[in-house]
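**Q** Encoded as structure tokens, here's the structure I'll be asking about.
The values are calculated or read from the model by the stated rules, or taken from the named source; none is laboratory data. Everything quoted here is computed from the prediction, not taken from an experiment. In this analysis, Cβ positions are derived from the backbone assuming ideal geometry, glycine residues included, and neighbour counts consider all displayed protein chains. Ligands, DNA and RNA are stripped out before the accessible areas are found, and what is left, the full protein with its side chains, is counted by its heavy atoms. Shrake-Rupley method; radii C 1.70, N 1.55, O 1.52, S 1.80 Å.
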Amino acid sequence: MSKKRKREVDLELVQVYEHLADDNEDIRLRAAHTLVAKIFKPGVTSDDQTTTILNRLFRGLCSSRKSARLGFSVALTELLSQLSLAGDLPAASLVDILETQTVPEGGTSGQDERDHYFGRVFGAGAVLKSGFLFRKPNPDQWKRVLDLICDLAIKKPWLRQECGWVVLTSIASGGPEVPEQFAIDSVEVLVANKLIRTPEGLAIWLTSARLFPHAKLPKSVWKHGDPLSTKDVNLLADILKDARSQSEADAESEAQGSARWSATLHFAWDVVLGELFRDSGSASHNGSHNGLHSVTDKNGRVTFALFWQKAVDESLFSPKSSTERKAWGLALWKKVFETAPRNMLQYTFTGQATACLVNSLKSSERLLQRHALRVSEKFATRLQGGDSGSSLDQGLTGACFKALLNSVSFGDFDKITNTKTIQNIIDTADDNLLRTIADTLLTIAGEAVQDEDEKRLLTRQKAVIGLQFKVITAALRNVEQKALSEDPEKTGSALDTMETWISETFHVPDQVVDRTIKEHTLFPPKLLPGAREFMVERLTLAFEQTLKLGAVGCRILRNKVMILKPKDKDGQSLSMLFEEDIKDLLLRAWQKLTLLSRNLEELWQQSRHPGANSAPNVYPSTYPTFSDGLCLLYCLVLFQIYTGQHEAVEILQDLLEYHDHWEASKSTKSKAQTEDNPADAMIEIILSFASTPSKFLKRITLQIFEAFAPYVSRNGLDSLCRILETKENVQGQQEMFKAEDVEMEDGEDASGDSDDDSLDSDVEVESMSSADGSASDNGASGTESEKSDDDSADESGDDEGEEDEEDEELAAFDAALASALGTRRLDQNDLADASDSESSAGSDMDDDEMMELDSKLAEVFRAREEQQSKNKKKVSRDAKENVVNFKNRVLDLLEAYLKHQQLNPFTIYLVVPLLQLARTTSTKQLAERGCSALQQFCGRCKGTNVPMLTDAAQVQDAIQVLQSIHDEACMESSNAHSKAAGQASLLLVKILVHADSVNITSVLEIYTATRLRQLTQKKCRVSPGFFTEWNNWCQTAREKLAR
């Protein structure tokens, strides 16, 4: 037997082929480098060996194993680059290898056939990219390659985009080695194969024309010689969406699309957009800024605005477009926002585009929703910077907001689309953008819309006001971040809008408000009543946001309210708005507020520009001062009077009286010790605002109280503590508000009107139940509570609502009773019908009918009784909610007092009322707040940082308070109450010992008595921890007390 000759195998080459298919890119690149640098050696490697390697590389392109196509295409490109330099391999042989090695064999599977077609695409790309056919120009051979590519694109349309990409990249990235003739031949081959009016053909034409401006391309392909001609814009739209034209008039010039959709955006869009961006850039550079608005540029090409309208808005975003086409449009919109010059972006906010955006954001179609979200996220990024607030159309910002609001008919865009598109734009905006947005909203508000009914006008006005409030909030947040580094008055977007709101809502004549303010009139020709109410609500919320800034916010609020000050000295302009007696009160109030404002402004300027002898920033650190409190109180009362709350006139009268009393007494007596302390009277004014559920009133009353707190006497604190003792029922509500009315009337006898007063108070506070909800604070946190509603219900409106409910109940009872008796209701004029009356009177009922009537009447009255029982339960529930909410407001004040007046000896008088509240209340939330306030106060009082007792009377009061705390500790209560009592007891011990160590004797007597009660009285429920904490303190205090 003859032995077969063993075949020699190059193991290194086999290893290189294996690594070329690896998924790791670094391994593939190293393998390609090894093949080109070590295995293939020009002049050494024979032609047969070279041909074998080329055949193997082309076959590797037809493999779907791992990343074979990527690795083999890189190796082939580099190898052909070396061969082109050597010039040993004929170009015809190379094209032959490409053609023979990438032809699928007969009878192969579909997958194998697809692999060979992909191999042909990658092989043609490697041949063209290597420049093998260009270093020694060989038009015949590159035409063969182009024919192979075009034949494949026609035979397999799903590969057409890849085929076009190969040709395009060969022209665009070939550099100077690519001859002009190759670009011309590429276009001619596309024309011959009817592929020129496709996205690929369009991109190749435009790229060739740009890189080779003097090339003689076949102009007859396009009607007007340029695919971007304005007159061919409709054909351009059809080509880009890859669909055949529907017109049969001129088959030669129709779009030669395949109507096949791809998930990725076609690269032809990038080429077209690049051309449009370059054209607009040159127009802007030459000073022709109006070129963007025109239909054509100087070369007769379509502008971006017209292109977007025809090729995108009326094409991809057409209501008749498929989901896939709309997804293309949204993807294109995102690309434009990422790459386009800023001055072009405003033209993308067309009607159908924004409508598609809104519908896609609301759609359950995941494809559209995902693309729409990506578009909306780009708005905030590109809106930043570059826009001038003085431009007439507000540029990009104006176009964006107008389009988004119109797309939802001026509804809440974020709520309708379930996104935060507009909110994110405003939240991320700087001061310049906020000013531009504010100007845009003013422009939208001032536009006159044809055929707009009152309902739509109200919707538009409310939408603008809502967005203006968001702008104000964002601007104030920027001020808060800057603190005192910049003048907050520079935040024009917020402050100018607030000034405009003030001039719109208060019906102030030109003689009262500066004419420059009145010129910023919103919503011509009129602001609807519903919008005006909404504006007042948002203005109060804006003031609440302003007060978060502390001294800065107080200054802003003061300056805004001072806009309402009459400009004439005699105040005659006020006669146009108010009666004579009210006008006199207002003039006095404005005089005092002006004086206070002038003094505070001097302090503010000194803090910003401290002199040599003044410490910097003294005033803001001491905010709020007594002057701040008075200033805020005047601003609040004047604001309410100008908004039509007439009950504020009586409050203003009391405020002026108390202010005069304060000025008369402050120079002669101690401010906190006068029998009729004006600061205590201010507490009554603050409590009059506490019954109204409003974030603004809550925040401003807290700051006012903090300003007056150092001057409040024990009587003023007792008036607050008495409210905590009120029962949480109807009786407690009547007692609480009756007592408040008596105090506000300076002791006048109101017993004769007690029923009416209690009813009015009922009505006044009842609206709080819907606004405060579950009360204000979260237990131990001790922070300010947030209400679910921001504005109070009108008292008269509540009265009318209750009367309507009573009338409805009586009418229902009347109807049920008439039905049972078989008669008509009295209001149906049955008495006027004499014949019916006589006939009904003349008829007699037998016993069965009487029994049936009796059962019906019993059923009617039973239902009436059940309804009255339900009403009583509702009244009791509402009364409890009102009392609880009012106690929450008082707790807000007491917590502020304990926090800011920690060293004040009057704080000891608040300990027992808080303990009693925690023990007696039936509302868990109030009990938690009472214990939390005490625990936080005790936690802050450490070491010598405790209230100072200045005389013997205060020491005796402290001993009495300690005894009362022990009495509270002995009562049955919750664990939280017992713990708070123990901490409060130790706090009083620290205060007494800090005042004088001799007081330890009285302390021991109280603790001894409490221990005795624990041992001898069963009713004593003092917890064991009460004495454990005491013993621990004794161990610590012995070192200081022992001699």
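**Q** 5 Å is the cut-off here: which amide hydrogens, built 1.01 Å from N in the peptide plane, fall below it relative to Thr198, excluding neighbours closer than 5 in sequence?
**A** It is Gln256, by chain and number.
**Q** Further question on the same structure: Tabulate in residue order the Karplus-calculated ³J(HN,Hα) for region 361-370, using 6.51 cos²θ - 1.76 cosθ + 1.60 with θ = phi - 60°, rounded to whole Hz; enter x for Gly and Pro.
**A** 5, 7, 6, 7, 6, 4, 4, 5, 4, 5
**Q** Hey, can you find the accessible area per residue of region 125-241 for me, probe 1.4 Å, expressed in square angstrom?
**A** Normalised by residue count, the accessible surface of region 125-241 is 40 Å².
**Q** Given the protein chains as shown and a 1.4 Å probe, how many square angstrom of Leu476 are accessible, to the nearest 10?
**A** 10
**Q** Let a ≥ b ≥ c be the square roots of the eigenvalues of the Cα gyration tensor of region 20-167; is it rounded (a/c under 1.5), or, if not, prolate (a/b larger than b/c) or oblate?
**A** Judged from the Cα gyration tensor, region 20-167 comes out oblate (a/c at least 1.5, b/c at or above a/b).
**Q** Given a cut-off of 18 Å, name the pairs among Lys143/Lys194; Lys698/Lys874; Lys470/Lys695 whose C-alpha atoms lie farther apart than that in the structure shown.
**A** Lys698/Lys874
**Q** Using the per-residue mean of other Cβ atoms lying within 10 Å as a proxy for protection, in what order, highest first, do the peptides 10-23, 158-171, 339-352 fall?
**A** Details: 10-23: 15.9, 158-171: 21.4, 339-352: 18.6.
So the peptides 10-23, 158-171, 339-352, ranked by packing, come out 158-171, 339-352, 10-23.
**Q** Determine the share of region 957-1009's accessible area contributed by carbon and sulfur atoms, expressed in whole percent, with a 1.4 angstrom probe.
**A** Within region 957-1009, the accessible surface is 51 percent carbon and sulfur.
**Q** Ratio to report: Rg/Rh of region 172-240, with Cα atoms as the point set and Rh obtained by the Kirkwood method; give two decimals.
**A** Rounded to two decimals, Rg over Rh is 0.96.
**Q** In what order, largest first, do Ser315, Ser109 sit by accessible area if the probe radius is 1.4 Å?
**A** Values: Ser315 10, Ser109 70 Å².
Greatest to least solvent exposure: Ser109, Ser315.
**Q** I would also like to ask the following. Taking the mean number of other Cβ atoms within 10 Å as a proxy for protection, how do you rank 943-953, 68-78 from highest to lowest? Mind showing how you got there, number by number?
**A** On the way: 943-953: 13.1, 68-78: 23.5.
Descending packing order for the listed peptides: 68-78, 943-953.
**Q** Given the peptides 231-239, 1021-1029, arrange them by the average over their residues of other C-beta atoms within 10 Å, most packed first.
**A** Highest to lowest by the protection proxy: 231-239, 1021-1029.
**Q** From zero up to wherever the largest Cα-Cα distance of region 153-195 sits, split into 10 Å bins and tell me the percent of pairs in each.
**A** For region 153-195, the pair-distance distribution reads 27, 52, 20, 1.
**Q** How much of the calculated P(r) for region 324-432 lies past 18 Å, in percent of all Cα pairs?
**A** Pairs farther apart than 18 Å: 45 percent.
**Q** Another question, then. Tell me, what ³J(HN,Hα) does each residue in region 474-482 have, in order and in whole Hz, if you take phi through Karplus 6.51 cos²θ - 1.76 cosθ + 1.60 with θ = phi - 60° and put x for Gly and Pro?
**A** Calculated HN-Hα couplings, in order: 5, 5, 5, 5, 5, 5, 4, 5, 7 Hz.
**Q** Please turn the phi angles of region 709-720 into ³J(HN,Hα) values with the Karplus equation 6.51 cos²θ - 1.76 cosθ + 1.60 (θ = phi - 60°), one per residue in order, whole Hz, x for glycine and proline.
**A** 4, x, 10, 6, 8, 5, 5, x, 5, 5, 5, 6
**Q** Can you give the accessible area of Ile39 in Å² (nearest 10), computed on protein heavy atoms with a 1.4 Å probe?
**A** 30
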